[in-house]
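The structure appears below as structure tokens.
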Amino acid sequence: MSQYKLQPAEKETLRNLAREYMTCALSDQQKRIQRLWADFNNGTMQRPMIMIDQIPWHEMDVDGSLVCTILHPYWHTVEQDLRRKIYQYRHMPADMVLPPYLCLPPILKDPDFRYMGIPVSETVVQTDAKNDIMSYQFHNQFETMADVEKIKQTYVAHDTEAEQAVLEEAAAVFSGIAPYYFEGIHLNMGLWDIISMWMSIEECYYALVDDPELLHAIMERCTQVALRWVQEADAGKLFDTASGICHCSCTLNKPFEDIPPVGSAKNGWVCAQAQLFSSVAPSVTREFEVAYMSRIFAQVGNVYYGCCERLDDRLETICTMPNLRKVSCRPWSDPDVFAEKLPKHIIMSNKPNPALVCAACSEPEEFRKHLRKVIAAAKRNGTRLEMILKDLSSVQYHPQRLWEAHKIMAEEVQNW
């Protein structure tokens, strides 16, 4: 399959980037950070851990180091990932982890398997042509029980023929410079995110009142499909362990060299969320989310739960689900209530307010106060704390704002 072949100049570009990446990945600083993460995830926190993710990369380039030159779509992605990791390690590393090998993107037979055979019907509004963050208006595709039949069983499988062609080219490029592995599959079980794209959030809310049986039927069918994904990923040892990341959080609990690059459901991670349920009663979350997710989570060893939704008012219900390791605490959750209610074996995964960094007039001192409040809440309650600055859709083309936010985060956790 010659479509994965690179030109000599493109190979040299990747070799140079791989050398630079490996210098960072094998540094003493990385070894220290990885030990901190392993202790943290195993139950011993020396200090709160920090991450920065979902960066507005279209606004970050200050020196040309983010400009990609490879045109081939697959290898362009590899080049882009290396450039971004090196850039972040230079300017705002926080506690990012760099595996001592290159992570190659997996090639799936059905890359859109999460949509279960249903194309999303949407209207897109984009305010910045360079930004991949857009607004969407979704159109309802579920009116009656008969529409539940639209949901098809999709399958989780690698395109082994294409991946073999990638491996052959990777050997020609990276041998003697860096080891390389395919990442495994990242299973996001946020089924309500998918349903809201099939129906629109407004129609989901109406159906909770007017046609709850329809939503139960949709969730039951989606749960059956998702359980099959877990079975397939487990049987094929397809769960990602190579990256050490789940939903922007580091999952490292032992040295990378002791972790197989792909894993079973027992040592794998999934993430899930029901973001639209911030505006419903906790009892609705119990009925329409927890009852279904509990069946899925029971089949997987490690779960990261939550995203942008408020959860402090329903933690008792959320924490009944099995195998939770980390739960998201967004700015609209009260950190004192969250840290008090959260069981001590679960990590408080706080998401600092990105508006304090991204707004037209950023407020670094307000950002610092915001962090201190969260840190104090975790300390009072003996709660393990990680803080992940994410959802950074823009810094108004001032990348230094993000560097400054990084500096503030690092200072505050060092003062723990």
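The values are calculated or read from the model by the stated rules, or taken from the named source; none is laboratory data. These figures come from a predicted structure and were not determined experimentally. So basically every Cβ, Gly included, is an ideal-geometry build from the backbone, and we count neighbours across all protein chains shown. To get the accessible areas, we keep the full protein, side chains included, count just its heavy atoms, and leave off ligands, DNA and RNA. Shrake-Rupley method; radii C 1.70, N 1.55, O 1.52, S 1.80 Å.
General observations
- Cβ-based charge dipole, region 293-342, positive-most Cα from Val303, Thr320, Trp332: Val303
- Think of region 1-153 as having a plus end and a minus end, set by charges on the Cβ of Lys, Arg, Asp and Glu; of Ile151, Val120, Pro56, Pro56 sits farthest toward the positive end of this dipole.
- Converting phi to 3J(HN,Hα) with the Karplus coefficients 6.51, -1.76 and 1.60 and the offset θ = phi - 60°, region 158-168 yields 7, 8, 5, 5, 5, 5, 5, 5, 5, 4, 5 Hz in sequence order, with x at every glycine or proline.
- Cα point-scatterer Debye curve for region 126-280, base-10 log of I(q)/I(0) at q = 0.13, 0.20 Å⁻¹: -0.82, -1.24
- Order of exposure, largest accessible area first, which applies to Thr383, Thr123, Thr13 with probe 1.4 Å: Thr123, Thr13, Thr383
- Cut-off 15 Å between beta-carbons: net charge of the residues surrounding Lys344, Lys and Arg +1, Asp and Glu -1: +3
- The chain: calculated mean residue ellipticity at 222 nm from DSSP helix runs of at least 4, using -39500 (n - 2.57): -12500 deg cm²/dmol
- Charge dipole of the chain about the Cα centre (unit charges at C-beta), most positive-ward option of Pro352, Gln137, His186: Pro352
- Whole-number Å³ per residue for the convex hull built on Cα positions in region 121-194: 174
- Low-density loop positions, chymotrypsin sites (Phe, Trp or Tyr not before Pro), region 90-170 - DSSP coil, at most 14 other Cβ in 10 Å: Tyr155
- Structure-derived Cα extents along the principal axes in Å - corresponding label in (i) 82, 77, 50; (ii) 61, 53, 44; (iii) 74, 52, 38: (ii)
- Exposed loop sites here are trypsin sites (Lys or Arg not before Pro) assigned a DSSP state other than H, G, I, E or B and surrounded by at most 14 other beta carbons within 10 Å; excluding them, the longest clear run of the chain is 153-265.
- Relative to the Cα centre, the charge distribution of the chain, modelled as +1 at Lys and Arg Cβ and -1 at Asp and Glu Cβ, gives a dipole magnitude of about 1560 debye.
- Cut-off under 5 Å, modelled amide H: who pairs with Ile388 long-range: Met51, Asn350, Lys351
- For the pair region 306-344 / region 376-411, the C-alpha centres are spaced 19 Å from each other.
- Each Lys and Arg contributes +1 and each Asp and Glu -1, all at the Cβ; summed about the Cα centre of region 220-304, the dipole is approximately 140 debye.
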